[in-house]
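A quick write-up on the structure given underneath.
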Amino acid sequence: MRLAGSAAALLLSALLSGVPWGLWSVPVAAAEAAAAPRAAAALLRRAVAEACPALDAEALAAGLPGARLLGAEPLGPEASPVGLRARIALAGGGLLVLERLAPGGRLRRFSASWEEPAGGGTRPRLLALAGADCRIVQGRALEWDEVREGGEGEAPGGPDRLVLLGADLESRGAVEPLDPPVPAGRDPGGVLVAQVDAGVAYDLPAIAGRLARDGAGRALGYDFWDLDPRPYDGNPAGSPFFPARHGTEVASLLLAEAPTARLLPYRYPRPDMERMAQVVEAAAEAGARIVALPMGSNSRALWEAFLAAAGAHPEILFVVSAGNDGRDIDARPVWPAAAALANLLTVTSSEPDGRLAPGSNWGAAAVDLLVPAERQEVFDYRGRPHLASGSSFAVPRVAALAARLLAANPGWRAPELKRAILALAEPPPQPGLVGAGWIRDPLAAP
């Protein structure tokens with residue numbers, strides 16, 4: 001179904017209903033600002049009704065007065081796209097984003113989202129999600145606090161709350177925090193372990209009670225993505241309305257297996273990976289001798305700053321995941337896992353019997369250890385227990401082992417820790433996949 005010009009004009013009318021043009025370019029009164037999401041909800045409802053299941057982005061842009069098509073691009077692999085994304089700039093600075101997901105030619109999902117002008121650009125504010133029958137099944141709204149404690153720069157880096165909405169895009173349901181204040185507390189003492197990930201849900205008591213803190217009770221972690229002292233668990237790279245949560249699960253396993261460790265969480269700086277050097281320096285300045293890094297990518301260039309900084313701190317042991325692409329990273333590297341640093345320990349996931357877990361990466365030169373990391377008991381950012389698998393969860397098991405070794409040998413640094421951990425390895429049932437071998441049960445070690 002195409003969106004004809006008259007229907008597009010109705011969309012613009014719905015968007016601007018009750019909202020002065022000045023809303024899009026200058027500050028307005030609170031009542032006028034509150035009207036914007038309501039008008040946007042009307043826009044998105046009409047967009048779904050008129051543009052689903054087919055999407056003619058060029059006709060849509062042509063029918064919106066003052067709008068222009070920024071681009072229409074395929075979703076998924078270039079050789080076999082699974083859908084289409086169109087981005088349309090609205091008059092005055094807003095943005096309308098339409099996505100049609102139809103693998104194999106069959107519509108599976110359609111979404112329409114609105115981004116409001118902010119800080120010289122736009123920021124996502126409201127989304128409508130429709131199913132294969134083109135009926136809206138839910139909405140999601142992002143809300144910001146305009147002043148963020150301890151933040152750097154001229155504008156907040158990300159939203160503070162995710163509000164789940166009904167199919168009418170107006171009735172509010174659950175509210176999920178995205179950047180809450182860190183609860184007060186005291187330093188728990190113990191071995192300091194830094195974790196670099198998407199952050200942690202520090203509002204959970206099980207995490208808050210294990211945070212490393214200064215003498216005034218302030219948590220020592222930092223968000224190098226948003227540049228503020230609130231490294232809350234959330235990676236919006238895939239979709240700001242459906243942020244991926246990873247760090248809390250990893251931290252929950254680390255803390256369970258290292259009961260005397262204290263956690264120093266850092267949210268990684270995806271907008272500028274040069275800041276990874278600052279992450280390493282912050283961990284070193286805080287006194288961490290163990291850094292858990294359950295992440296990586298295919299681009300070495302993104303990790304050059306980290307590798308240089310890590311190499312400059314030979315006293316710190318960096319425990320890194322090999323990745324979950326089902327490939328030999330000696331032949332097709334994943335970084336920083338494939339880096340030849342003496343203080344880097346690369347781990348991957350095995351089944352309980354020591355065989356390589358399905359989907360886990362390997363490499364006789366790049367990967368040091370196999371560790372059982374399938375179906376591990378963790379809890380998520382809401383505190384809900386479940387089972388998790390993958391090389392990411394080999395990292396906290398080995399980092400926890402390192403923390404227990406360091407607690408028993410406080411004078412050790414990276415060389416001693418790495419040597420002691422590798423000495424625990426035994427030959428795996430599948431030879432030639434990793435350099436040192438398999439640790440049958442990290443918890444059985446000191």
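What follows is calculated from the coordinates using simple rules that are stated; it is not laboratory data. Everything numeric here is computed off the predicted structure, so don't read it as measured data. A quick note on method: Cβ atoms are made from the backbone with ideal geometry, for glycine too, and the neighbour counts reach across all protein chains shown.
Considering only Ala49, Ala436, Ala337, the Gaussian network model of the chain with Cα springs below 10 Å gives its largest mean-square fluctuation to Ala49. Against the chain, whose longest principal axis is taken from its Cα atoms, helix 30-51 shows a tilt of about 80°.
Among the trypsin sites (Lys or Arg not before Pro) in the stretch 108-147, which ones are in a DSSP loop with at most 15 other Cβ atoms within 10 Å of the Cβ? Mind listing them? Loop-located and lightly packed - Arg108, Arg135.
Specify the inter-centroid distance of the stretch 82-116 and the stretch 384-416, based on alpha-carbon positions, in whole Å. The two parts, judged by their Cα centres, are 42 Å apart. Against the longest alpha carbon principal axis of the chain, how many degrees, from 0 to 90 and to the nearest 10, is the axis of helix 5-16 turned? Orientation of helix 5-16: about 70 degrees from the principal axis.
All distinct Cα pairs of the stretch 339-446 go into the 1/r average, and the inverse of that average, the Kirkwood radius, is 14.2 Å.
Cα convex hull, the stretch 210-282: 102 Å³ per residue, rounded to a whole number. Every helix of 4 or more DSSP H residues in the chain counts as -39500 (n - 2.57), and over all residues that averages to -6500 deg cm²/dmol at 222 nm. Secondary structure note: in the chain, about 65% of the DSSP beta bridges are antiparallel. Just so you know, the averaged projected area of the alpha carbon convex hull for the chain sits at 22.2 nm².
What angle, in degrees between 0 and 90 and rounded to the nearest 10, separates the Cα long axis of helix 394-408 from the longest principal axis of the Cα atoms of the chain? Helix 394-408 sits roughly 40 degrees off the main axis of the chain. Using the Kirkwood radius built from alpha carbon pairs, what does the Stokes-Einstein equation give as D for the stretch 129-258 at 4 °C and 1.567 mPa s, in µm² per second? This corresponds to a translational diffusion coefficient of 80 µm²/s.
Which of rounded, prolate, oblate describes the stretch 191-444, given a ≥ b ≥ c as roots of the alpha-carbon gyration tensor eigenvalues and a/c under 1.5 marking rounded, otherwise prolate only if a/b is larger than b/c? Cα axes put the stretch 191-444 in the rounded bin.
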